[in-house]
Amino acid sequence: MASISKDKNGTKRILFTDEQGKRRTIRLGDVNAKAAESFKLRVEALIAAQRMGVPLDGELSVWLRDLPESIHGRLAAVGLIESRINAAVVTLEMLLKRFEESSMVKPATRSARQSCIKSLLGQFGADKPIGSLTIGHAEDWHKCLSESKYAVATIAKFINISKTIFRKAVKWGLIAKSPFEDLRRGSQTNQARSFYVTDKMMKAVLDVCPDDHWRGVLILCRYAGLRCPSELVGLKWSDINWENNRMTVQSPKTARHEGHALRMVPIAPNVKQILLSLFHNAEVGAEAVLPRLR
């Protein structure tokens, strides 16, 4: 993935091609062959972590942390790492703000993070330097959550979010290791809230629905298993295969996972009945099955 090139004056440099196919160079200066080879191996590890989207291991994070500013800056200049910020003055509030600004997530996901962020700030304080946070601090926060009003599933979600935030801090070279990494996440499923909706209950609700739009929403969720609202919003008439009683469902929630961007769903008789009613009453040229959701 990377190679060592020697200039005429004896200085060395590392060459590699980035994800956009652009040739990149990191100048090392006058170093011996052993040092150049060691640096090359670490550059290859950074490239692999970046392309696979995985966090850096502890040894590599420590190496980055201890690099001289000039060398660290050269790695940042070629896009392998983020520019360094002095961790001694990076507060929890600064990290959380940077994390939010760098995240490309849906509004619902961003909103769900706010409770966790509020909890972290309440526990440690906005001015807490992240470099001073320890595993003990993380365990104390976990204990406070466990003794609070939060459900087990919510606590699991908070821990998952905190791990994501501090993995970013490691990737950015702000800390060597996340103090939250070893916390046990637990299950994000709250079985106590599980409830089986019977056909009798569904009939009672459908009978008082004001129109086919609302009946369509309920039937597609209950009997076709579509997520509401994400999968209902994207459902189009072109996705309905009347002949084979199948529909193609776009799945925004799982689209980032290979092979899970869409799925085929069978159309049961009661689902087909409401779809036919919606189709016959749809405006000419309409694409969306439930256009009012848009």
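Scanning the stretch 9-28 for residues being in contact with a Leu (Cβ under 9 Å, 6 or more places away or on another chain), loosely packed, with under 14 Cβ neighbours inside 10 Å and among the acidic types (Asp, Glu) gives a total of 0. Of all the residues in the stretch 227-249, those that are open to solvent by 50 Å² or more (accessible area, probe 1.4 Å), closer than 17 Å to Pro107 by Cβ and either more than 30 Å from the chain's Cα centre (by Cα) or free of Cβ contacts under 8 Å to residues at least 60 places away in the same chain (or both) number 2. Applying a threshold of 8 Å to beta carbon distances and a minimum spacing of six or more residues, or different chains, the list of pairs starting in the stretch 55-82 at a residue that is on the phi > 0 side of the Ramachandran plot and ending at one that is among the β-branched types (Val, Ile, Thr) and surrounded by 14 or more Cβ atoms within 10 Å (Cβ to Cβ) is empty.
For (1) open to solvent by 80 Å² or more (accessible area, probe 1.4 Å); (2) of a type in the set (Asp, Glu); (3) at pLDDT below 80, each residue gets a yes or a no:
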site: Phe39; (1), (2), (3): no, no, no
site: Leu46; (1), (2), (3): no, no, no
site: Met52; (1), (2), (3): yes, no, no
site: Trp63; (1), (2), (3): no, no, no
site: Leu67; (1), (2), (3): no, no, no
site: His72; (1), (2), (3): no, no, no
site: Leu80; (1), (2), (3): no, no, no
site: Ala87; (1), (2), (3): no, no, yes
site: Leu92; (1), (2), (3): no, no, no
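In the stretch 127-151, the residues that are within 17 Å of Ile175 (Cβ to Cβ) form Cβ pairs under 8 Å with partners that are exposed (fewer than 11 other Cβ atoms within 10 Å of the Cβ), at six or more places apart or across chains, as follows: Pro129/Ala88; Pro129/Val89; Gly131/Ala88.
The values are calculated or read from the model by the stated rules, or taken from the named source; none is laboratory data. Remember, it's a predicted structure, so these values are computed and weren't measured experimentally. All Cβ positions, even for glycine, are placed from backbone atoms using ideal geometry, and neighbour counts span all protein chains on display. Heads up: the accessible areas ignore ligands, DNA and RNA and are worked out on the full protein's heavy atoms, side chains in. Shrake-Rupley method; radii C 1.70, N 1.55, O 1.52, S 1.80 Å.
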